[in-house]
Ligand SMILES: *Cc1c(COP(=O)(O)O)cnc(C)c1O
């Protein structure tokens, strides 16, 4: 069977060259006579894999030396609790900007552990925009301000970061990590479940400023304490070895085949523009997000007619464009066009949408 164009929000497409390399190395990883899946995480060969993955991430994302990179488990969702347990530690207060379900879940989790509040929200318009904030909206004694940088479900992204002054900014970058350059020094902590843009499911990447480690609440379980993993170079217990290995391959692809973050951004902008330009000129399809806050990664769109949406999802699936059904809270369709989605995938999707429009108007 031919490979499909997979527009899933996650897990999502991986570069074909990465999958081929992983297949090549499946039975015998570089002369070790074993698969990475079978390998001790304390072995020399694996130590090099995890160290290379970290070094590549530091290089590609230009991560400053005073930040730790951690490879954890539990997905983006476990970070909702970890962030609060580890960082809401001075005044037991945190300010959240609610731009969708993921930010809301993070807020609700933090509320279990302290005085976490929503200081802004775009719930009034089904999260179709990023709310404007200024420094005066944040409590001066908040331990951190929390945002979800790219909103996977609603297709919005921050083009400009909130000004939080000296308050550390925490961001969920699950669906936009390594999609374009990001100034890590502007954040106290970044985290991402890897299955959207960096690997298969299983590994969660945390990038945290060193001074924010080591002050977790007393109730924090050992495994949920950043210090545990920072002190052990992410080898306190068995890490998600294979997913970290795939992340290494993806980072090699970004560095060597794409040419780094600026090039990645160019590619992603070109791809997204193709789809947004079509949506802006279509008589049938329409994007749901205000133009100034549109994501490069997730593009929700609708026809305005639920039956026609369903027909489009069915016919597009049959044509090899899979997982275009929108999130149940938005309806319609969503094309997730992460790093690994080739330009031709979007080109062919747009051609299919044009034909569908001609046939149905
Ligand atoms: C997918 C996603 C999550 C949840 O990730 P899990 O790894 O499934 O827990 C959290 N935040 C964002 C922005 C996401 O896209």
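The values are calculated or read from the model by the stated rules, or taken from the named source; none is laboratory data. Since the structure is predicted, the reported quantities are computational estimates derived from the model, not experimental observations. Using ideal geometry, Cβ is built from the backbone for each residue, glycine included, and neighbour counts are taken over all protein chains shown.
Only residues that are free of Cβ contacts under 8 Å to residues at least 40 places away in the same chain and either buried (at least 24 other Cβ atoms within 10 Å of the Cβ) or in the same structural domain as residue 328 (by TED's automatic domain parsing) (or both) were counted in region 150-163, giving 0. Pairing residues of region 169-193 that are over 25 Å from residue 252 (Cβ atoms) and in contact (Cβ under 8 Å) with a residue 24 or more places away in the chain with residues that are more than 9 Å from the ligand (Cβ to nearest atom) and in a helix (DSSP H, G or I), at Cβ distances under 8 Å and at least 6 apart in sequence or on separate chains, gives 169/186; 170/83; 170/87; 188/87; 188/212; 189/83; 189/87; 189/212. Only residues that are within 17 Å of residue 206 (Cα to Cα), surrounded by fewer than 18 Cβ atoms within 10 Å (Cβ to Cβ) and touching a residue at least 60 places away in the same chain (Cβ under 8 Å) were counted across region 235-268, and they come to 2. If the condition is being closer than 19 Å to residue 188 by Cα, part of a helix (DSSP H, G or I) and within 13 Å of the ligand (Cβ to nearest atom), then region 76-101 contributes 76, 77, 78, 79, 80, 81, 82, 83. Checking 105, 21 one by one, the residue that is more than 16 Å from the ligand (Cβ to nearest atom) and assigned to a helix (DSSP H, G or I) is 21 and no other.
Looking only at region 136-183, residues that are touching a helix residue (DSSP H, G or I) at 6+ places or on another chain (Cβ under 6 Å), more than 12 Å from the ligand (Cβ to nearest atom), under 19 Å from residue 110 (Cα atoms) and in a loop (DSSP other than H, G, I, E, B) come to 1 in all. Just so you know, in region 55-75 the residues that are in contact (Cβ under 8 Å) with a residue 24 or more places away in the chain and assigned to a helix (DSSP H, G or I) include one that is nearest to the ligand (Cβ to nearest atom), and it is 75.
For region 228-242, check the following and say yes or no: at least one residue is part of a helix (DSSP H, G or I) and closer than 23 Å to residue 11 by Cα. Looking for residues that are part of a helix (DSSP H, G or I) and closer than 23 Å to residue 11 by Cα, one finds at least one in region 228-242, hence yes. Within region 285-319, being part of a loop (DSSP other than H, G, I, E, B), more than 16 Å from residue 153 (Cβ to Cβ) and touching a strand residue (DSSP E or B) at 6+ places or on another chain (Cβ under 6 Å) holds for one residue alone: 285.
With respect to residue 228, is the statement that it is on the phi < 0 side of the Ramachandran plot and either touching a residue at least 40 places away in the same chain (Cβ under 8 Å) or within 16 Å of the ligand (Cβ to nearest atom) (or both) true? In short, no.
Tally time: how many residues in region 184-219 are in a loop (DSSP other than H, G, I, E, B), away from the ligand (no atom under 12 Å from the Cβ), closer than 25 Å to residue 160 by Cα and touching a helix residue (DSSP H, G or I) at 6+ places or on another chain (Cβ under 9 Å)? Here the count works out to 1.
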